[in-house]
Amino acid sequence: MPGDEWQRFANLRLLYGYMYAQSGKKMLFMGDEFGADHEWAHDGSLDWHLLQEPLHEGLRHWVENINHLYRNEPALHELECDPAGFEWIDCNDALPVSSRCSGKARNRRIRFAIACNFTPVPRMDYRVGVPHGGFWREVLNSDAHEYGGRRHGEFRRTRSRRDSIPWESPFPLKLVLPPLGALFLKATEGA
């Protein structure tokens, strides 16, 4: 991967976030969960010593948390083999900045929105249309400090309100999209 060490690990966290946002089963191979430097060989051990390095441990922690979220949130897995379980929010973004998609559970109510920034530049006040109004909470941010990130875009909860400006969705959120980062947002109840 291009870039310095931080950018390579940010790219890998972004890639895994994007993979988990898509429909279908997820697959990692031996050592992928912590960013092994070398391809796995059957006659040797994995490079477990790499977990002593903060970026490798941060990646392992990201994979652990994203697996936990995937397993415990029906909107991310319940309809993963059904076209009704996935929806692009805006696949025609004019900038090569983000890919936005959402996951649904069997009750057809969209519960998650995922926004990805594929550039190394943070996007401030970036408008992301969500499928319905109300409160949305960040549940995972690949740029969080605990994963080796730089903490761009960390917000706890925000509200989407109807907007009169012509837009892909009448309910935009204004977010800080982290560079080379993925945000997982969940619709929540409450005022």
Exercise for the section: Please determine, by comparing only the residues of segment 122-137 that are closer than 15 Å to Ala182 by Cβ and open to solvent by 20 Å² or more (accessible area, probe 1.4 Å), which one is modelled with the lowest pLDDT. Expected result: Tyr126
Handout entry: Top-ranked residue in segment 102-121 [being among the basic types (Lys, Arg) and crowded, with 16+ Cβ neighbours inside 10 Å; ranked as modelled with the highest pLDDT]
Key = Arg111
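Sort out for me the helices (runs of 4 or more DSSP H) sitting completely within segment 1-83 that have 1 or more residues that are in contact (Cβ under 8 Å) with a residue 60 or more places away in the chain and over 19 Å from the mean Cα position of the chain (by Cα).
On the way: elements: 5-21, 54-72, 74-77.
Fully inside segment 1-83 and qualifying: 54-72.
The values are calculated or read from the model by the stated rules, or taken from the named source; none is laboratory data. What you see is a predicted model; the values in this text were computed from it and never measured. With ideal geometry, Cβ positions are generated from the backbone for all residues, glycine too; neighbour counts draw on all protein chains shown. Surface areas here come from the heavy atoms of the whole protein model, side chains and all, with no ligands, DNA or RNA. Shrake-Rupley method; radii C 1.70, N 1.55, O 1.52, S 1.80 Å.
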